[in-house]
1. How large is the accessible surface per residue of the range 258-301, computed with a 1.4 Å probe and reported in Å² as a whole number?
2. Using 0.36 nm per residue of separation minus the Cα-Cα distance, give me the extension gain between LEU52 and TRP272 in nm, one decimal.
3. What is the Cα centroid distance between the range 229-301 and the range 14-33, reported in whole angstrom?
4. Just how much of VAL135 is accessible, in Å², when a 1.4 Å probe is used and the result is rounded to the nearest 10?
5. Would you report the distance distribution of C-alpha pairs in the range 243-285 as whole percents per 10 angstrom bin, up to the bin with the largest distance?
6. Do the alpha carbons of any pairs in LYS245/LYS267; LYS137/LYS252; LYS121/LYS258; LYS155/LYS257; LYS155/LYS279 sit beyond 20 Å of each other, and which pairs?
7. In the range 108-175, what trypsin sites (Lys or Arg not before Pro) fall in a loop by DSSP, with at most 12 other Cβ atoms inside 10 Å?
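The values are calculated or read from the model by the stated rules, or taken from the named source; none is laboratory data. In this text, all values refer to a predicted model and were calculated from it rather than measured experimentally. Positions of Cβ are generated from backbone atoms using ideal geometry, with glycine treated the same way; all protein chains shown enter the neighbour counts. The protein model used for the area step is the full one, side chains on, heavy atoms only, and it has no ligands, DNA or RNA in it. Shrake-Rupley method; radii C 1.70, N 1.55, O 1.52, S 1.80 Å.
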Amino acid sequence: MNLFRFCSGLKVLGYFMILLVFAVVAVSYNAVVVNTWWPILIESSHGALSALACLIISLFHFLLVMLLWSYFTVVFTDPGSVPEHFRRELGDGESSLEAGTSTDHGAFGSLGYCPKCRNVKPPRCHHCSVCQRCVLKMDHHCVWIVNCVGARNYKFFLLFLLYTFLETMLDVVVLLPSFIKFFSQAIKHSSSPGKLTSLVLAFGEFYHPLDAVLNLAFVLSLLCFVVMHISLLSTNTTSVEVHEKNGDVRWKYDLGKKKNFEQVFGKKKAFWLLPLYSKDDIQNITSLQGLEFPTRSDIDP
């Protein structure tokens, strides 16, 4: 029984996850801006408090814009698939690939063959059972974006993770006073778990501490993903390739931290924190196209 034929159902779940992303953003916006810091900015007569409110609101909106920009970019950017003309350009090597053996093709390195797509696989390319196609430098299929994360949108995915982490961290920090105030009052006025539950349900400002708890949960989970992908980025490895690396043998795509970073984010520093690339990087960095990847000179391919 082929369980992978059920993977296409994850696409439906993905569309629900997109709605969930917007719901979380809306809830946080209402808690942080509408109900907390905007009233302080408008009503406060204290200059320092008004300045703080202005700073928080401005930072919140900046991170929100960058978050949504990165999110829409990674959702609508094709991670890269094997070009239709790729097999024809390789010529006679196709027959040996179909037989299950790898073949060296110069700049493209050792190629594989996908029996599902009936096509060659460039280096670092893997078949996605959800998208039903081979994805260039595939990292994983992400239900949050209804898309695969691959060579051409990995940077945008990392920026989405980064800005989401920073945004939720900001939410936790600015809502922390409401969180502390609520639970200190709840514990003080409740002598039993039953009374505490009643107070939680009746307390008019329960919405804010609840949002703080939800954002804290997001921060902790996002922190794990951020740390994991920083580790992968520093060694020029994808989530799939973690299982392909051979013990203590040096990974052939590991060019050093600086070059590894440039293989994903490009060389133009002005574009590093933006979900786009410069024309020079797109033309000159072959790894961004997902077909050719430089390797270490001291390791045999």
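1. Each residue of the range 258-301 exposes 63 Å² on average to a 1.4 Å probe.
2. Gain on extension, LEU52 to TRP272, equals 76.3 nm.
3. If we compute the Cα centre of each part, the gap is 32 Å.
4. About 0 Å², rounded to the nearest 10.
5. 26, 41, 22, 11
6. From LYS245/LYS267; LYS137/LYS252; LYS121/LYS258; LYS155/LYS257; LYS155/LYS279, over 20 Å: LYS245/LYS267; LYS121/LYS258.
7. Passing both the DSSP loop test and the Cβ count: LYS116, ARG118.
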